[in-house]
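Colleague: Pasting in a structure now, in structure tokens, and then I'll have a few things to ask.
Read-outs throughout are calculated quantities, based only on the coordinates presented, and are distinct from any laboratory measurement. Every value quoted in this text rests on a predicted model; they were computed, and no experiment measured them. Cβ placement follows ideal geometry from the backbone for every residue including glycine, while neighbour counts extend to all protein chains displayed.
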């Protein structure tokens with residue numbers, strides 16, 4: 001965390017900072033409300049704070065707020081995709097999805113990604129940097145401001161590997177669910193990981209009530225290596241043991257994300273191996289027909305193959321759903337909008 005970034009401060013840290021400036025306790029509450037309830041984009045909007053205090057805050061702290069670069073709305077289902085610019089010029093993307101149970105936002109945790117998953121556009125340019133807690137929050141705050149709608153559910157599944165940015169992620173989760181801020185229920189938050197074993201266990205020990213989603217995508221160690229370079233570092237057995245530990249510590253059912261790639265991991269044999277592999281784990285499997293990207297030759301299986309895979313898993317008494325595709329007409333897959341923007345900027349600048 002940047003120590004000057006006040007929007008990444010907890011409520012208690014804001015109280016201490018304001019007390020250190022000689023301010024009365026109620027000023028800390030006002031400031032925190034402006035940052036996390038009224039969603040001010042800068043100190044200048046905080047009209048019930050004295051001008052002299054706003055000036056002193058601006059001198060002492062940075063105030064993180066994101067600028068919208070692009071907003072796309074799906075004609076198919078109303079899904080909205082946003083491209084935001086950070087203070088250093090980097091861009092990140094976020095998605096607003098509307099469901100009958102409430103609005104869900106998918107946010108990025110890094111600018112770029114270094115995990116190298118073969119079917120993912122997010123990782124093609126590598127990792128630029130980690131996002132601050134305030135930059136993760138800022139995606140939700142800007143979407144609420146721009147849409148005028150309340151966000152009730154959050155998934156950290158956009159660009160980046162959340163557990164590769166562990167300390168910032170943990171602070172972000174605490175800020176997001178804190179009673180003084182948006183106060184989103186921990187049970188309405190899902191964090192996705194490709195399987196950083198030691199950080200799955202660290203997160204389990206926090207005993208938060210968030211859902212852990214593991215990007216599994218293969219039924220064996222060797223096939224996982226083909227799709228996910230992280231499998232060269234962590235054995236599948238150790239990853240699944242960490243998932244069992246997460247459930248034991250939190251009581252939260254594990255979600256296994258499984259991207260179906262035609263002819264690669266979608267056969268009846270794959271389904272049988274997967275069923276045997278995860279049988280006995282309190283889990284839910286989310287089948288995701290892969291979003292094709294031009295840099296890879298991977299393609300979606302047809303609907304009958306997806307249904308056959310689902311039926312096979314259900315014979316192992318595993319709860320399975322097929323992810324509803326959202327925003328397909330606006331490049332719904334992670335990283336596509338950001339990548340297109342970066343490529344266009346390079347063409348224009350010749351860099």
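Colleague: Any chance you could give the angle, 0 to 90 degrees and rounded to 10, that helix 268-278 forms with the longest Cα principal axis of the chain?
Modeller: 50 degrees
Colleague: Going 7 Å from the Cα of residue 1 along its beta-carbon direction, which residues of the range 149-181 have the amide nitrogen within less than 15 Å of the resulting point?
Modeller: Within reach of a label on residue 1: 166-181.
Colleague: Considering the convex hull of the alpha carbon atoms of the range 137-283, report its projected area averaged over all viewing directions, in nm², one decimal.
Modeller: On the way: hull surface 38.2 nm².
Orientation-averaged projected area of the Cα hull: 9.6 nm².
Colleague: Over the Cα atoms of the range 61-123, what radius of gyration and what Dmax do you get, in Å?
Modeller: For the range 61-123, the Cα-based Rg and Dmax read 13.8, 43 Å.
Colleague: Also: Ranking request for peptides 36-48, 63-75: highest mean number of other beta-carbon atoms within 10 Å first, then the rest in descending order. Please list the in-between numbers first.
Modeller: Numbers: 36-48: 15.1, 63-75: 16.6.
Packing proxy ranking, top to bottom: 63-75, 36-48.
Colleague: Now for a separate question. 7 Å from Cα along Cα→Cβ at both residue 276 and residue 73: what's the point-to-point distance in nm?
Modeller: About 5.1 nm separates the two model spin labels.
Colleague: Using Cα-only point scatterers and the Debye equation, what is log10 of I(q)/I(0) for the range 1-109 at each q in 0.10, 0.12, 0.22 Å⁻¹, rounded to two decimals?
Modeller: Ignoring solvent entirely, the Cα scatterers give -0.39, -0.54, -1.17.
Colleague: For q values of 0.19, 0.26 Å⁻¹, compute log₁₀ I(q)/I(0) with the Debye formula on a Cα-only model of the range 15-62, without solvent.
Modeller: For the requested q values the scattering log ratios are -0.54, -1.06.
Colleague: In whole angstrom, note down how far apart the Cα centers of the range 35-88 and the range 92-161 are.
Modeller: Value for the Cα centre distance between the two parts: 16 Å.
Colleague: How much length is gained on full extension from residue 237 to residue 33, taking 0.36 nm per residue of separation minus their Cα-Cα distance?
Modeller: Details: separation 204, 0.36 × 204 = 73.44 nm, distance 4.52 nm.
Taking residue 237 through residue 33 to full extension adds about 68.9 nm, to one decimal.
Colleague: Just rank 306, 105, fewest to most, by other beta-carbon atoms within 10 angstrom.
Modeller: Fewest-to-most ranking of 306, 105: 306, 105.
Colleague: Going by C-beta contacts inside 10 Å, put 29, 233 in order with the fewest on the left.
Modeller: Numbers: 29 15, 233 10.
Taking fewest neighbouring Cβ atoms as first place, the list is 233, 29.
Colleague: Further question on the same structure: Using the 2.2 N^0.38 Å rule of thumb for compact globular proteins, work out how the range 67-349 stacks up: its C-alpha Rg over that value, please. Intermediate results must be reported in sequence, preceding the final value.
Modeller: On the way: Rg = 18.1 Å, N = 283, 2.2 N^0.38 = 18.8 Å.
Here the Cα radius of gyration is 0.96 times the empirical estimate.
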